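Everything below concerns the one structure shown next.
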Amino acid sequence: MNVISTAQMRELLSENNPEAYIGLLRIQHPSLANDLLLAYNTDTVHRTDGDYLPFPFELSIPDDTDDEIAPLQLTIDNASLEVSNQLRSIQGEPKVIFRVVLASEPDTDLAGPFYMNLKTSTGDVHSIKGSLSYEDDIWKQQVPAQVYSPANSKGMYV
C-alpha cells in the first residue's frame, strides 16, 4: 500500500496545484515484441523501466454493488491504430499494470502498481474498450481451499 504524505495530500487538494499527476499503463504479453507503455500525458514520461508514450486512455471504476464485483473499464483512444493493431495480435489475456506518478518524480509511484488482466476488448475507429479484473481473482477461489474428508482428516470423523 502506498502512503501519501501530508505535503502530497495538501498539494493534491489545493486549488492551484502546479504538480501534474500522470496515469501510466503497461500492457504485457509474451507475443508482444515490446510492452505497450502509455502515459496519460502530453509528453513522453521517462522512467527507469522505459519511456511511456503520450496516449489518451481512461479507467472507469464501476459502481459499488452488493451483488457482484464489477470489472474496471479501460478505454484507449484508437485514432492512430498503434495500440489496436498490437492488441489484435494477442491470443489470451494481456497483463495490465496501472500506476500514478508525479511529473517531477516519474520513478516514484504514488498509487499502484495495480496488476490486472484484460479480460475482454472491443474496438471501433474511435476507441478500444475492455474490461479489467485482478490477476488473482480471489472472489472465484474456493473457501476454504482445503476439503475435509475422512481420508485426510481422520480426527474430525471419530
Criterion first (surrounded by 12 or more Cβ atoms within 10 Å (Cβ to Cβ) and touching a residue at least 40 places away in the same chain (Cβ under 8 Å)) does residue 23 satisfy it? yes
State the number of residues belonging to the range 86-103 that are under 20 Å from residue 44 (Cβ atoms) and either modelled with pLDDT under 70 or not in a strand (DSSP E or B) (or both). 2
Do you know which of the residues in the range 121-148 that are surrounded by 10 or more Cβ atoms within 10 Å (Cβ to Cβ) and farther than 16 Å from residue 72 by Cβ is modelled with the highest pLDDT? 126
Looking only at residues in the range 47-81 that are assigned to a loop (DSSP other than H, G, I, E, B) and in contact with a helix residue (DSSP H, G or I) (Cβ under 9 Å, 6 or more places away or on another chain), which one is modelled with the highest pLDDT? 55
Only one of these conditions is not met by residue 42: (1) in a loop (DSSP other than H, G, I, E, B); (2) over 16 Å from residue 85 (Cα atoms); (3) at pLDDT below 85. Which number is it? (3)
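The values are calculated or read from the model by the stated rules, or taken from the named source; none is laboratory data. Keep in mind that this is a model prediction, so the values were computed, not measured. Here Cβ is always computed from backbone atoms with ideal geometry, including for glycine, and neighbour counts include all displayed protein chains.
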